[in-house]
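Rule-based calculations on the coordinates, nothing more; no lab input. Treat the numbers as computed from the prediction; the structure is a model and nothing was measured. All Cβ positions, even for glycine, are placed from backbone atoms using ideal geometry, and neighbour counts span all protein chains on display.
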Amino acid sequence: MERILYVTDLDGTLLNRRDSINPQSIEIINDLVSRGMLFTYATARSLVSASVVTAGLSTDIPVIAYNGAFIFHPATGEILSQERFCQEETDEVKLVLDRQDISPLVYAFIDGEEKVSWIRERENDGIRRYLNNRKGDRRLRPVESREELYRGDMFYFTCIGEKEELAPVYDIFVKDRRYHCTIQQELYRPEFWCEIMPARATKANAIQKLKAIWNCSKVISFGDAVNDIPMFQVSDEAYAVENAVEELKALASGIIDSNENDGVARWLREHAVIEK
């Protein structure tokens, strides 16, 4: 029997509009995982943020976070795989953002602890919404200066704002092979997010790693947005939810029901290969 790795995006794919997983989807997926389905999710979220919105989902599965920069074991927080910047690369990001007068959210390990830092006086509506959705998150670290902002072992930068102010940043880093850079509009919101990470920090690369770890021969994935295109390109089969963007639907093996109607879970219930 062939070993198949099933991978789903979260926001707009497995998650509904209320940033949670429908109870029926949780029940279906947990049952399939308990019976041997090789399943994970791949998200731009951190493990902390993803754990909140996937509450109730089995934690006995490695998960892909930060757009592929990390593979975590969710129950323990153990890092199974990671991609980091070198010092020269972080210095270049800081230089470009300063020149463009962009104040980012900076993800870093400081004294061994994962932190998200931002300059308090440079908050905009998008950053405030990000923070409001993460109240009580122990990673949050407001700072007062650029020097404090860029502390620690940095591995991910998120810039939130208007498309016009972020586009020049994207144009610089998307052409530089040392980086993986994405820009897209926030789901259900007007602001845009431009995210900068190491070149190998992609969902596609992380999926290939997990495929090797689990000795799988095939990958089947599910998504909704343009940032899922690389994931679709490395998959043997790829399914777009009904609410997906047209660019992704054009690459899909098929279209399944929407994120609101348990599309991923219902497809898995009908088609997933169970090992046990």
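Below is a table of values for the structure above.
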| item | result |
| --- | --- |
| Contact order normalised by residue count of the range 25-87, Cα under 8 Å, 6+ apart, percent | 26 percent |
| Sequence-distant residues sharing a close amide H with Val241 (under 5 Å, placed H) | Gly223, Ile256 |
| Cleavage-rule hits (chymotrypsin sites (Phe, Trp or Tyr not before Pro)) in the range 1-60: DSSP loop, at most 10 neighbouring Cβ within 10 angstrom | none |
| Taking Ser58, Ser221, Ser117, Ser34 and counting other C-beta atoms within 10 Å, the order from fewest to most | Ser34, Ser58, Ser117, Ser221 |
| At R0 = 35 Å, FRET efficiency that the Cβ-Cβ distance of Arg17 and Asp101 yields, to 0.05 | 0.55 |
| Full-stretch length increase - Arg120, Glu164 - with 0.36 nm per residue and alpha-carbon distance subtracted | 13.6 nm |
| Alpha-carbon Rg with Dmax, taken over the chain, Å | 18.3, 57 |
| Per DSSP, loop GluC sites (Glu not before Pro) in the range 1-95 with at most 13 further Cβ within 10 Å | Glu2 |
| R0 of 45 Å, Cβ-Cβ distance Cys86-Arg129: FRET efficiency to nearest 0.05 | 0.90 |
| Two-site FRET efficiency, Asp111 against Arg177, from Cβ-Cβ distance with R₀ of 30 Å, rounded to 0.05 | 0.40 |
| Cα-based helix-to-principal-axis angle, 87-99 vs the chain, degrees rounded to 10 | 70 degrees |
| Computed [θ] at 222 nm, helices only, for the chain once each DSSP H run of length n ≥ 4 contributes -39500 (n - 2.57) | -8500 deg cm²/dmol |
| For the range 62-199: relative contact order, % (alpha-carbon pairs under 8 angstrom, 6 or more apart) | 22 percent |
| Inter-site label distance for Ala75 and Ile274 at 7 Å from Cα along Cβ, in nm | 2.0 nm |
